[in-house]
Structure formats: structure tokens, C-alpha cells
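The values are calculated or read from the model by the stated rules, or taken from the named source; none is laboratory data. In this text, all values refer to a predicted model and were calculated from it rather than measured experimentally. Here the Cβ positions follow ideal geometry from the backbone for every residue, glycine too, while neighbour counts run over all protein chains shown. In case anyone asks, the SASA skips ligands and DNA or RNA and just uses the protein heavy atoms, side chains included. Shrake-Rupley method; radii C 1.70, N 1.55, O 1.52, S 1.80 Å.
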Amino acid sequence: MIIPKTTEEIELMRQSALIVSKTLGMIASEIKPGVTTLHLDKLAEQFIRDNGAVPGFLGLYGCPSTLLTSVNDQVVHGLPTNRPIEEGDIVSVDCGAIMNEYYGDHAYTFEIGDVAPETKKLLQVTKESLYVGIREFKIGNRVEDVGNAIQKYTEAHGYGVVRELVGHGLGKKMHEGPEMPNYGKRGRGKLFVEGLVVAIEPMINMGTKNIKQLKDGWTIVTRDGKPSAHFEHDVAIVNGKPELLSTFAYVYKALGIESNEEDEFRKQPLVIS
């Protein structure tokens, strides 16, 4: 069911989203070769609690961790482990938090040291496709308009678009309506409404779109063993247009990256403290 949010609720959700954004920024300062994803998970839980929020994934559907950390051919839902991260890895870090009774849900795929050029391109195209999709999240459009835009952009580069896993509405529950697939046909699906908040999250594979689940019951991997990338933003429809609630700015500050990619989706510049 679609549950539109009021202006006041959207502002509360912005706070929830920004807690997650800040957590990813902290992770950006800590993630490096030799560090384990289990260590990052402990840091994230403490950071979220210290900032007045509660981990959103921990305990949800039985999830045992604060972060979901997916390495290389792991698509999403990777459980943190004691395996040290290695030079050349890519690590998708997905994080959720609850603040003011509302969820934030946000993900970024990190490059660890010197990453292969073809993998760098996968990450670049996947992140670009996120904004391509967000541009279609507006009044007058439908759910599959977003997915169609993401699918066309990524498949034009020869990549596989995961079908079984999708974005979703967001609110007092982690998963609300509508489901937001990263593929589809224009003009199909539910109409977008003012105040709708969703998590848009392309999950794009370098090779086949096909996936499988590991025996841990959580980790999803590509069937051909090739890398996968995942980027996610929380977005609201405000005055008919998409407005970002989350940001990669804290990640970029930690990594020394300059970017204006989010500017078109904000009413005013974001001030990073």
C-alpha cells in the first residue's frame, strides 16, 4: 500500500536518512585493505546509537547485523564476516536506521584501493543510473518509468539488471508500497503521488542478470561470479518533483571527492558539518 507522507513527516524522514548518510561517511573513513566487514558493522552500530538512532536492519526479518556488506560478486544482503577486505575489492555497504519512528535506508559501493578499470566503470554506470531513475520519479509518471530508465541506461553498457530484488516505499516500515523494480516498460505500474517516499536502488551486474542465494540464507551472488554494484538513495516527491533525503556528500568528504551530482535534486545546497 502506498502511504504518502506529510511535509512534517518528510522532514523527520530526512533526519533518518541523514543518520544513514553520516554512517556511510564514517565507514568511508574506515574501510580499507585489512579491515573486516564485521569490524565495520560494530562501528556502524555504535555510531548510529551514539547519534540518537537505532539500527534499522538489526533484528529485522532476523537480520543479525547493522550493515549488509556485499563484496565483489555479492549483489546484496552480504553478512559481515571476519574475512579481511583486500586491495582491488569492491564493497557494497547497505545501512538502515530508525529515528523519530521512521526508517532511513541507503547504500554505497566502495572501491578498495586500485580497482580494475572494468569494475570502476560498472560502479560509475550504476551510480549514474541511480540519478537517471530518480529523474523519472515525479508526478505524472508511473513506477516502471523509473525502472525502464535504469534498465535502458545500464543495459546499453552490456550489464545485467537484477530482477528478483527491487527498491521500495519507505516510512514507519522498512518496506512499504510500491515496489520499485530497476526494469520495466514505460507507462506501467502505479502512478506516483505527492509525498511519496521511496528507496531507489539499482543492483547491476557486470555479466548475467541471474543471481543465487548462498546457504547462509542472506547473501545474494551473481551466477557467473562477476562483480555487482549497488547504490541507493531515499527520495521524496515534493511539489511534484524528486527531492533527495539522503546524500553521498559525507562519503565524498571522507574520500576527498568533489561532486555536484545531487544539486538538481535539492531545494537548497546541503551544508555538511
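Using C-alpha positions alone, give me the convex hull volume of region 150-273 per residue in cubic angstrom. Write out the running numbers ahead of the final one.
Details: hull volume 20.0 nm³, N = 124.
Cα convex hull per residue, to the nearest whole number: 161 Å³.
Can you tell me what the convex hull of the Cα atoms of region 188-250 projects to on average, as an area in nm²?
Working: hull surface 27.1 nm².
Answer in nm², one decimal: 6.8.
Could you bin all the Cα-Cα distances of region 94-185 into 10 Å bins starting at 0 and give me the percent of pairs in each, rounded to whole numbers?
With a bin width of 10 Å, the distribution comes to 15, 41, 33, 11, 1.
Accessible surface of ASP73 in the full protein assembly, 1.4 angstrom probe, to the nearest 10 Å²?
Estimated to the nearest 10 Å², ASP73 gives 50 Å².
Can you tally the net charge around GLY207? Count Lys and Arg as +1, Asp and Glu as -1, for every other residue whose Cβ sits under 10 Å from the Cβ of GLY207.
Details: positive: LYS209, ARG223, LYS226; negative: ASP73, ASP224.
In short, +1.
Excluding residues fewer than 8 places away in the same chain, name every one of the lysines whose C-alpha is closer than 24 Å to that of LYS152.
LYS120, LYS121, LYS127, LYS138, LYS185, LYS190, LYS209, LYS212, LYS226, LYS241
With only alpha-carbon atoms in the gyration tensor, what are the semi-axes of the equivalent ellipsoid for region 1-94, in Å, largest first? Walk me through the intermediate numbers first.
Numbers: eigenvalues 141, 43, 32 Å².
Sorted largest first and rounded, they come to 27, 15, 13 Å.
May I have the pair-distance distribution P(r) for the chain, computed from all Cα-Cα distances with 5 Å bins from 0 and rounded to whole percent?
1, 6, 14, 19, 21, 19, 13, 6, 2, 0
Over region 156-202, calculate the relative contact order: mean separation of alpha carbon pairs under 8 Å at least 6 apart, over the residue count, as a percent.
Values: 55 pairs, mean separation 19.8, N = 47.
This gives 42 percent for region 156-202.
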